[in-house]
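No lab work stands behind these numbers, since they all come straight from the coordinates. As the structure is a prediction and not an experimental result, all values here were calculated from the model. Heads up, the Cβs are rebuilt from the backbone with ideal geometry, glycines too, and the neighbour counts pull from every protein chain shown.
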Amino acid sequence: MTAITHHIPDHLLASYAAGSLPHAFAVVVASHVSMCNDCRASLAAHQAVGGAILETASTSPLSSGLRASVLAQLDAPVRAEPHYDRSGIYPGPVVAALQGQQPKWKALGMGVRQTILTADAESNARLLFIPAGQAMPDHSHNGLELTMVLQGSFSDSTGRFGIGDVEVGDEDLNHTPTADAGDPCICLAATDAPLRFKALLPRLLQPLFRI
Amino acid sequence: MLRVKIDRDRAAFAALFDHFAPRLKGFVIRGGTPAAQAEEVIQDVMLTVWRKAEQFDPHRAQVSAWIYQIARHRQIDIARKEARPVPEELKEDPGAEADASQILAIEQESEHLKQALQRLSADQRIIVEKAYLGELTHQEIQTQTGLPLGTIKSRIRLGLERLRHDLKGLRT
């Protein structure tokens with residue numbers, strides 16, 4: 001495996017630890033941390049800050065029965081939570097978002113396919129399948145877009161992104177990501193606002209494809 | 001915590017409860033849980049600590065950091081009624097022996113971090129607390145002037161470097 005060179009920015013790791021990161025971005029952060037020990041260590045640092053705040057928090061009196069109630073439940077049987085491991089190219093958090101199923105690809109045209117993983121009012125995440133050599137339509141971003149490579153690689157004006165790398169797109173980035181030669185490029189992409197396409201046709205198709 | 005993890009020691013767990021549960025109460029209320037539900041969250045968090053104790057790795061985290069993350073995830077799961085995405089667990093080498101110096105390094109740096117937080121100005125401290133209690137958006141964390149992220153993290157730099165080094169051997 002080639003080394004990961006594009007990481008999750010620090011403020012997003014802090015926001016993930018604090019729980020303020022929209023759900024779709026949290027899927028990307030958890031996926032990248034699953035594959036990147038540098039970011040795992042940075043996340044541990046943010047958790048340590050949170051722990052220090054908890055440690056120095058003032059204490060509040062508890063109801064009298066709480067302690068006994070917790071201690072009495074130590075042996076209670078628990079319903080096993082579903083647990084998802086990595087499967088092929090998909091890290092555990094992506095497998096969890098797919099609920100253990102294989103992706104159900106929908107064609108977007110030009111050989112590009114997508115699977116929506118999660119969508120709510122705040123953010124959405126999808127898998128994108130881009131044939132080798134294929135370009136995505138030229139676009140910029142209204143909000144934040146995180147794109148993590150799971151298979152193959154893509155390049156744009158800012159550089160080359162291989163497996164595990166995350167590209168951070170914001171209002172300032174206008175780009176035409178193109179899948180490199182070799183394997184088809186499969187990406188995990190999360191956004192909190194619709195993309196802005198330069199050309200008319202992709203703009204017209206946008207509502208259909210929920211990009 | 002290690003007695004809870006290794007020996008399943010109930011008295012040790014009760015001591016953890018006595019230390020953390022009263023701190024968790026104000027913490028989860030500030031973190032967005034209604035006061036009436038706070039004790040339910042505390043109960044869930046502390047039972048998770050007991051049930052998932054084998055996942056706690058003292059080479060990588062101090063117990064307060066571990067409980068912090070469990071508490072924040074639990075609060076969001078309840079608010080969203082959907083599980084928070086979490087990274088894959090690292091597979092610990094079952095034959096590996098505990099490295100006392102690494103455990104000590106993590107403890108010492110956590111102590112330095114606590115002291116550094118206490119030395120912050122009142123304004124800075126408020127901002128840091130807001131950030132880590134989920135009261136700031138990721139954009140606000142990025143743009144907030146006066147958020148001494150770098151200063152704080154430099155306190156745990158040494159432990160982090162060791163952690164990075166140790167993790168390298170673990171995967172990929």
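What is the distance in Å between the Cα centres of region B:24-100 and region A:74-107? Measuring centre to centre over Cα atoms gives 19 Å. Cross-link pairs exceeding 29 Å in C-alpha to C-alpha distance, out of A:LYS106/B:LYS91; B:LYS25/B:LYS91; B:LYS25/B:LYS52; B:LYS5/B:LYS130; B:LYS25/B:LYS114, comprise A:LYS106/B:LYS91; B:LYS25/B:LYS91; B:LYS5/B:LYS130. Computed from backbone phi, the HN-Hα couplings of region B:5-19 come to 5, 8, 9, 6, 7, 5, 5, 5, 5, 4, 5, 4, 4, 5, 7 Hz, rounded to whole numbers (Karplus: 6.51 cos²θ - 1.76 cosθ + 1.60, θ = phi - 60°; Gly and Pro given as x). Label separation (B:ALA83 vs B:ALA35): 3.4 nm, computed from points 7 Å beyond Cα along the C-beta direction.
Residues A:MET35, A:MET148, A:MET110 in ascending order of nearby Cβ atoms (within 10 Å, fewest first): A:MET110, A:MET35, A:MET148. Each Lys and Arg adds +1 at its Cβ and each Asp and Glu adds -1 at its Cβ; summed about the Cα centre, the protein assembly as shown shows a dipole of about 480 debye. Evaluated with a Cβ-only charge set (Lys, Arg +1; Asp, Glu -1), region A:1-132 carries a dipole of roughly 460 debye about its Cα centre, given to the nearest 20. Counting Cβ atoms of other protein chains within 10 Å of each residue's Cβ and taking the mean over peptide A:95-104 gives 1. When B:TRP66, A:TRP105, B:TRP50 are sorted by how many other C-beta atoms sit within 10 angstrom of their C-beta, beginning with the fewest, the order is A:TRP105, B:TRP50, B:TRP66. Take each residue of peptide B:73-82, count the partner chain Cβ atoms within 10 Å of its Cβ, and average: the result is 2. Pairwise Cα distances in the protein assembly as shown exceed 29 Å for 45 percent of all pairs. Residue by residue along B:38-45, Cβ atoms of other protein chains within 10 Å of the local Cβ number 3 on average.
Between the residues A:ALA96, A:SER140, A:LEU108, the greatest Cα displacement towards the positive end of the dipole of region A:50-149, with unit charges on the Cβ of Lys, Arg, Asp and Glu, is found for A:LEU108.
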